[in-house]
Amino acid sequence: VYYNMTARTLNALYGTVFRRAPKIGGLDRRLTQISKKMSKEGMSLHLLTKTVVKEVLAVGRFGLLVDSSPDGRGNPYVACYTAENILDWQMAEIDGQWTLIKVTLREIFYDRDGHWSPYQYRSRFRVLVLEYDEESDSHVYVQYVYLDDHQATNQIPDLDQAPSELVVPTVRGEPLNYIPFIVIGPF
């Protein structure tokens with residue numbers, strides 16, 4: 001007989017953390033509106049907090065990336081990554097501070113070749129890199145996006161080849177000098 005003590009412990013710890021609903025204060029009207037739909041999937045800040053806590057209790061790690069649509073329309077959102085989809089990251093010392101300089105993420109999505117064809121799971125690998133730009137003498141955040149080769153058997157793209165897409169995220173036309181990604185852990 002298997003007694004699922006792990007699930008019961010996880011639920012007890014989760015219940016202890018959220019015995020009282022979290023209160024968030026000090027937000028202006030615009031941020032209060034944004035907090036009602038923080039993620040691309042429409043999760044509120046309250047639900048996002050619960051998701052983060054449950055994942056950290058279960059597997060010890062969860063990642064959050066602040067992103068926006070490539071055309072710049074709409075509000076920025078938080079993209080969530082489970083521990084299994086944070087494949088690698090690298091830190092380095094920049095100007096005396098430990099800074100995230102590279103993160104490799106896997107995203108799973110549905111794909112369909114035609115109207116009547118069945119859905120297939122495919123993966124996209126997003127490599128977030130903080131590159132040094134000699135021209136501006138600063139660091140620039142760049143995303144390299146690789147689509148899996150759904151014709152291949154291993155479905156893992158060669159990350160040493162040219163990416164399927166190159167994105168330089170900007171805020172008001174200026175490139176970012178940091179990677180807006182955080183790995184949340186138990187500490």
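The values are calculated or read from the model by the stated rules, or taken from the named source; none is laboratory data. Values in this document were obtained by computation on a predicted structure and should not be read as measured data. Positions of Cβ are backbone-derived with ideal geometry, glycine not excepted, and every protein chain shown enters the neighbour counts. Surface accessibility is based on the protein's heavy atoms, side chains included, excluding ligands, DNA and RNA. Shrake-Rupley method; radii C 1.70, N 1.55, O 1.52, S 1.80 Å.
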Specify whether the C-alpha gyration tensor of segment 1-108 places it in the rounded, prolate or oblate class, a ≥ b ≥ c being the square roots of the eigenvalues: rounded for a/c under 1.5, otherwise prolate if a/b is larger than b/c and oblate if not. oblate
Ordering TRP98, TRP89, TRP116 by the accessible surface of their heavy atoms, 1.4 Å probe, largest first, yields TRP116, TRP98, TRP89
Work out how much length LEU13 to ASN85 would gain on full extension: take 0.36 nm times their residue separation and subtract the Cα-Cα distance, in nm to one decimal. 23.5 nm
If you filter segment 1-69 for chymotrypsin sites (Phe, Trp or Tyr not before Pro), then keep DSSP loop positions with at most 16 other Cβ within 10 Å, what is left? TYR2, TYR3, PHE18
Local electrostatic count, GLY60, Cβ distance below 13 Å [Lys/Arg +1, Asp/Glu -1]: 0
Which of the following values of log10 I(q)/I(0) by the Debye sum over Cα atoms at q = 0.10, 0.13, 0.14, 0.17 Å⁻¹ was calculated from the structure shown: (i) -0.43, -0.67, -0.75, -0.99; (ii) -0.63, -0.84, -0.90, -1.07; (iii) -0.54, -0.89, -1.01, -1.31? (iii)
Given the whole protein assembly as supplied and a 1.4 Å probe, what does the accessible area of THR32 come to in Å², nearest 10? 60
Where the chain is the region considered: accessible area per residue in Å², 1.4 Å probe: 72
R0 = 35 Å: FRET efficiency of LEU176 with ARG29, Cβ-based, nearest 0.05? 0.85
Once you keep just the Cα pairs under 8 angstrom separated by 6 or more residues, what percentage relative contact order results for segment 69-187? 17
Could you check how much of the accessible area of the chain is carbon and sulfur, as a whole percent, using a 1.4 Å probe? 52
Estimated 222 nm signal from helices in the chain, with DSSP H stretches of n ≥ 4 weighted -39500 (n - 2.57), rounded to 500: -5500 deg cm²/dmol
